[in-house]
Structure formats: structure tokens, C-alpha cells
Amino acid sequence: MPVTVLVGGQWGDEGKGKLVDTLVPGVKAVVRYQGGPNAGHTVYHGDQKLVLHQVPTGILHSGVLCAIAPGVLLDPWELMEEIATLGAAGCDTSNLVVSPSCHIIMPWHRLLDAAGEDREGTVAIGTTRRGIGPCAMHKAERRGVRLGDILDEQRLGSLLDSLLPRINEQLRVLRCDTIDRDGLLEKCRLASDALRPFVGDTQLPLWKLHCAGERVLMEGAQGTLLDIDWGTYPFVTSTSPVAGGACTGGGIPPTAVDQVVGIFKAYVTRVGNGPFPTEFPAGGFADEFRKLAGEFGATTGRPRRCGWFDEVAARYAARLNGFTGVVITKLDILDGMDEIKICSAYEINGTVYHEMPEDLRLLEEEVKPVYETVPGWPGRTAGVTAFTELPPEAQDYVRGLEARMGVPVEYVSTGPRREELLPVPRVR
């Protein structure tokens, strides 16, 4: 089973959904291996824009197994709505399979998430308040509820009898609404009835594809710098977006992976709080850039913070994931700029770092990015159908990023459509 793992190289929102949708014709399965409904992958079905939060992007292609693996923190009620939306758009969801081992984001997780963010105030992480962190916490505490549990009402009732007294006591302390057992059972019964046809083994089918030599695509959410272990902790997500997470969360052996593709924007964005060395200063240029680029969260609509490309962070992501190739998206957003900055180092407390500091908490200090300035380009890259037809300065910018990261750029994107993903010729 040759496996391709697709990983966000920055803080997420790099355009992974579009790339998955483009690569699917060559694969037999697409597997979502981590994250939850706090991330959205935007794709187009004909002229219809769809934002997929939990269903793998391969669902738009018939005959492709689409698996939601145990590493995903699942909101079953949102999944029900997503499946219904896909059906209304004319998409066949019969190839979707969801692992019964997925941990469920229960109503109390959202309440705890919101209460925690409100309590922290100005030092809050800036979560989407969708219950991801508390769900991961209960998973680690071995007090979680899994999808298989809600399929068995007797088992679920026993679980709720065990969990709810402690949960409701905590909710009362936080001055939140408590959870009604019978109301929750009915809510879970609706999810159980809707999702039962899609629940099944996600690992065995992948193993059979492995034995048959078929290609599988592993689709992560968020990005490397939000990884729970390797990101800018504590301003991170609660799962592992890095390539290694595809094995633990997706159920594939490490020896099956032969390609790891990193996705980067031609600049950088971040949603939520936390360090961002190359962020544009607040005000006119940042606001204009955000509006031009459409940088608002696909899931929440929150404005994304924007900044120049960060070479230091990109090299860190490249070596951590072992990228075999990268894709640069949204190159067209830089059209018409006279000059473009690239961060080549950080200055922190008088020390210059050309590589990511071992202690990423240093990024919370006053970081002065060391910039190099390269020429911009006139005219438009949008609508160009071949890399060699891009303005020379745009080609040079892409080749420059390739050299700085030490990884070949395989594609560059100049718009949201599949045909706007241009193969980049290898330099001989």
C-alpha cells in the first residue's frame, strides 16, 4: 500500500482540501486521520462550493473509500448534517465508513470548552469552542464516549450513569447548564439511527488495499505548527496533524508511507491566539490583505491573522514531517506587489535563530523577524495554465521558496479551481 500523507506546513488553512480533491483520481481510499469539526476543507462540486468538516474530501469521487479513522474527534450531529448536505448536492456518500472507535464530542464538551475560554479571558487559546480540547482530555483520561457506545443504548445508558454525576457537578461549578440524561439519550438515538449504516472497520480495508498495492491518501486537518507535541504549545490543537499522526490516528504502518506532501500558502495565516513572528502589523495593510485574500475561517468565519512567508518555520515543518514535495497555494494573492518579504531568521532577546528554537515558548517573547526582500511581479497569475507562463518574478519567488525549504515544489496554485493547480517542472 503506497501511502501519501498530506500535511499542512503552517498553522492550517493552507488549501489541503483542494489538493486532496485533485489527487483523488489516482487513489483507492482517502482517510481522515485526526482533528475534528473545528477545521473546514473547502472544495467545489461543479459550481457548488462545499465546506467539509469531517467527511474526507474524496467523497466527491465515486468508487473511492472514504474513511474517518479513530484519530478523529467526531461530532455525530454535525456529521449527520454534513452527510445530508452532500446528499442534497448530489454527492454519493455510500463509500463513507466511520470507525466505531472515534471519540464523540458530547454536548458537555462544548460547554466546558466555552467556559474555559471565557474564564481565561485575554490569555485564552482562542479555540473554536467546538469541544475538541475537552473531548481529547476525556479520551486521555479514559472517560470518553465513542461512536460504538452510542450505537448500543444499554451500554450508553450505563456510561452516562457513570459519567454524568461528575460532569454535571463540574458544569454547576462553572455555572453552565447541566445535561439531562433522558434528553441526551434521545439525541444520541437520532445520531445512532442516522449513522449506523456508515459505521464499520476502517483499518482492515486499508490493510487489504496495502496487500493489493493500491495507493491511499491520508488527509489531516490543521497544520504542523498546531501539533499538540511539536507546535506552539499551548496555542495548539489537541491531536497530531504531523505525518506521524497518520499512522497512529489512521491505522497505517509507517513502512507503507512513501510520500509526504506539505502544503504552504505563499504567505502565512493563523487563526486564534498564540505567537506569529511574521504577522502584519494591525491596521490598513493587514486589513486590506485579509479582505483581498478572503482570509476568514471556513468553519467559524473568524478573520485570520496574516503575515509574510516564514522560512524558519517552513524548514522546521519540512524536516519534522520528512516532506518529499510541497505545494504552494494562493500565489495569486501576491499579484501586483512591488516587493515581497521572506523571514529568514528570528532575533529573540538579542540572539539570532536561523532554525526554530528548541523551546518554542521563546516565540512568545518579543520576536524580531529578520527579513529578506525579493521583487514582486506585475500583472495577474490567476488564469495562467502553465508554470512557465507565470511572470518571471513569480517563478523566481516559487523557486526561491523551494531552495529555502530544501524540498521540491511540485505544484503551485493560482486560484480555487482544480485547473488552477499548476505542475512545477523539476530543475535539472
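Couple of notes before you dig in:
- This model, with +1 at the C-beta of Lys and Arg and -1 at the C-beta of Asp and Glu, gives region 133-210 a dipole about its Cα centre of some 300 debye.
- The chain - percent of accessible surface contributed by carbon and sulfur, probe 1.4 Å: 50
- Given +1 at the Cβ of Lys and Arg, -1 at the Cβ of Asp and Glu and no other charges, the dipole of the chain around its Cα centre is 660 debye to the nearest 20.
- Packing-based order for 103-110, 378-385, 11-18, using average beta carbon neighbours within 10 Å, highest first: 11-18, 103-110, 378-385
- Spacing of the modelled spin labels on A282 and S94, each 7 Å from Cα toward Cβ, amounts to 5.4 nm.
- Straightening the chain between A403 and T385 buys 4.1 nm, computed as 0.36 nm per residue apart minus the Cα-Cα spacing.
- At full extension, D182 and M80 could sit 34.7 nm farther apart than now, given 0.36 nm per residue minus the alpha carbon distance.
- For region 275-428, averaging the sequence separation of C-alpha pairs within contact (under 8 Å, six or more residues apart) and dividing by the residue count gives a relative contact order of 25 percent.
- Full-extension gain in nm, V51 to L204, via 0.36 nm per residue minus C-alpha separation: 52.2 nm
- The peptide list 412-423, 266-277, put in order of mean Cβ contacts within 10 Å with the highest first, becomes 266-277, 412-423.
- Rounded to the nearest 20, the Cβ-based charge dipole of region 266-408 about its Cα centre (Lys and Arg +1, Asp and Glu -1) stands at 480 debye.
- Residues D152 and C211, FRET efficiency given R0 of 35 Å [Cβ-Cβ distance, rounded to 0.05]: 0.65
- Exposure check, 1.4 Å probe, all protein chains in place: K28 carries approximately 100 Å² of accessible surface.
- By average C-beta atoms within 10 angstrom, highest first, the peptides 348-355, 189-196: 189-196, 348-355
- Charged neighbours of L226, selected by a Cβ distance under 12 Å, balance to -3 (K, R count +1; D, E count -1).
- Accessible solvent surface per residue of region 1-156, calculated while the other protein chains remain in place, 1.4 angstrom probe, Å²: 34
- Relative contact order computed over the chain (Cα-Cα under 8 Å; 6+ residues apart), in percent: 19
- Per residue accessible area of region 221-339, 1.4 Å probe, in Å²: 35
The values are calculated or read from the model by the stated rules, or taken from the named source; none is laboratory data. The structure presented is a predicted model; accordingly, all values stated were derived computationally and were not measured. Methodologically, a virtual Cβ is constructed for each residue, glycine included, from the backbone with ideal geometry; neighbour enumeration extends over all protein chains shown. What goes into the accessible areas is simple: the full protein's heavy atoms, side chains included, and nothing from ligands, DNA or RNA. Shrake-Rupley method; radii C 1.70, N 1.55, O 1.52, S 1.80 Å.
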